[in-house]
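Structure first, commentary second.
The values are calculated or read from the model by the stated rules, or taken from the named source; none is laboratory data. Keep in mind the model is a prediction, meaning the values are calculated, not measured. Positions of Cβ are generated from backbone atoms using ideal geometry, with glycine treated the same way; all protein chains shown enter the neighbour counts. These accessible areas exclude ligands, DNA and RNA; they are computed on the full protein's heavy atoms, side chains included. Shrake-Rupley method; radii C 1.70, N 1.55, O 1.52, S 1.80 Å.
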Amino acid sequence: MSSLFETPRWKKTDESDRLDHCRSHQELYLLYGRIYTPRRGHKYSTSNRLVLNLKKRPSSSNEGELYWKREAIKQFAADVIALLRPNLPPNKPRALIPMPPSKTRQHPDYDDRMEQVAQRVAQHFPNLRYWPLLKGIRDVQGSHTGTTSRDPEDVFNTIGIEETEVGNYLNEDIVYIIDDVLTSGSHFTAARKHILNYFPNIQIHGLFWAKTQSIEDFDF
């Protein structure tokens with residue numbers, strides 16, 4: 001497990017993973033590639049550095065921060081491409097649905113990082129498309145700040161379905177929600193509920209660059 005601090009080794013969530021707001025995660029299909037350790041800063045691990053760079057504010061006036069944000073987006077996409085290249089079934093249509101950010105499109109800190117990652121990944125596979133089906137409908141603080149409710153019902157009320165994209169369904173039987181960090185599973189649970197309300201027969205998998213694991217949770 002320690003290598004997940006430095007390089008991606010994709011792992012399906014299992015009984016060792018505690019997701020308080022996605023208790024049925026073992027029955028679903030949630031993959032994560034890295035371990036992010038909160039409150040430990042950039043220097044703690046490569047994964048921490050990448051995740052924190054990814055979350056830099058897009059409105060920052062610091063060109064250095066924006067450079068490293070772009071590099072993190074590229075690395076996230078590269079990690080997912082490396083995962084999917086030998087594992088994505090050929091000739092079966094699939095879609096990548098980015099998790100919407102905490103800010104709506106009208107906000108100066110609207111962050112399209114997940115859209116960029118999904119678009120980059122989809123370009124490498126003829127049967128995988130970028131499908132921006134979800135949208136934010138209310139500005140909230142980012143979940144990583146620790147000031148926002150993680151209750152799935154509260155999260156459900158901050159996101160919605162992009163109605164103009166509903167008609168773009170191409171009969172995919174599996175879609176992937178892609179997000180940067182898996183913590184409690186609340187965002188995945190809320191997003192999955194929205195999608196199933198429109199497409200009840202779709203299987204919804206989760207792809208996360210990292211999973212949060214506090215230092216207190218490690219079994220040394």
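Rounded to the nearest whole Hz, the Karplus-based 3J(HN,Hα) values (6.51 cos²θ - 1.76 cosθ + 1.60, θ = phi - 60°) of region 87-101 follow the sequence 10, 6, x, x, 6, 10, x, 9, 9, 9, 10, x, 5, x, x, with x at glycine and proline. Simple rule: put +1 on each Lys or Arg Cβ and -1 on each Asp or Glu Cβ in the chain, find the dipole, and look at 155, 205, 81; the Cα lying farthest toward the positive end is 81. Bridging of residue 193 to lysines at a Cα separation below 19 Å is possible for 135, once same-chain residues fewer than 8 apart are set aside. Select from 133, 66, 101 the residue farthest towards the positive end of the dipole of region 1-151; place +1 on Cβ of Lys and Arg, -1 on Cβ of Asp and Glu, and compute about the Cα centre. With unit charges placed on the Cβ atoms, the residue in question is 66. Within the chain, DSSP assigns beta bridges of which about 20% are antiparallel (rounded to the nearest 5). With the highest mean first, a sort of the peptides 129-136, 163-170, 78-85, 104-111 on other beta-carbon atoms found within 10 angstrom per residue produces 129-136, 78-85, 104-111, 163-170.
Kindly provide the GluC sites (Glu not before Pro) of region 29-95 that DSSP labels as loop, not H, G, I, E or B, and whose Cβ sees at most 13 other Cβ atoms within 10 Å.
On the way: sites: 63, 65, 71; in loops: none.
For GluC sites (Glu not before Pro) across region 29-95 that sit outside H, G, I, E and B with at most 13 neighbouring Cβ atoms in 10 Å, the list is empty.
Using heavy-atom solvent-accessible surface (probe 1.4 Å) with all chains present, what is the largest-first order of 94, 23, 113?
On the way: 94 10, 23 185, 113 35 Å².
Putting 94, 23, 113 in descending order of accessible area: 23, 113, 94.
Mean sequence separation of contacting Cα pairs (under 8 Å, at least six apart), scaled by the length of region 37-146, corresponds to a relative contact order of 25 percent.
Using a 1.4 angstrom probe on the protein heavy atoms only, could you order 25, 205 from most to least accessible area? Spell out each step's value before the answer.
Values: 25 5, 205 35 Å².
Largest to smallest exposure gives the sequence 205, 25.
Here the extension length gained between residue 43 and residue 112 equals 22.3 nm, from 0.36 nm per residue of separation less the Cα-Cα distance. Using Cα positions and a limit of under 17 Å, work out the aspartates and glutamates in reach of residue 12, with same-chain residues fewer than 8 apart set aside. By straight Cα distance, residue 12 reaches 20, 27, 79, 179, 180. Rounded to the nearest 0.05, what FRET efficiency do residue 124 and residue 62 have when you use their Cβ-Cβ distance and R0 = 41 Å? The value I calculate is 0.85.
Each stretch of four or more DSSP H residues adds -39500 (n - 2.57); spread over every residue of the chain, this sum gives -8500 deg cm²/dmol at 222 nm.
From the coordinates of this entry, Rg/Rh (Cα atoms, Kirkwood Rh) is computed, and it appears in (1) 0.93; (2) 1.06; (3) 1.01 under the label (1).
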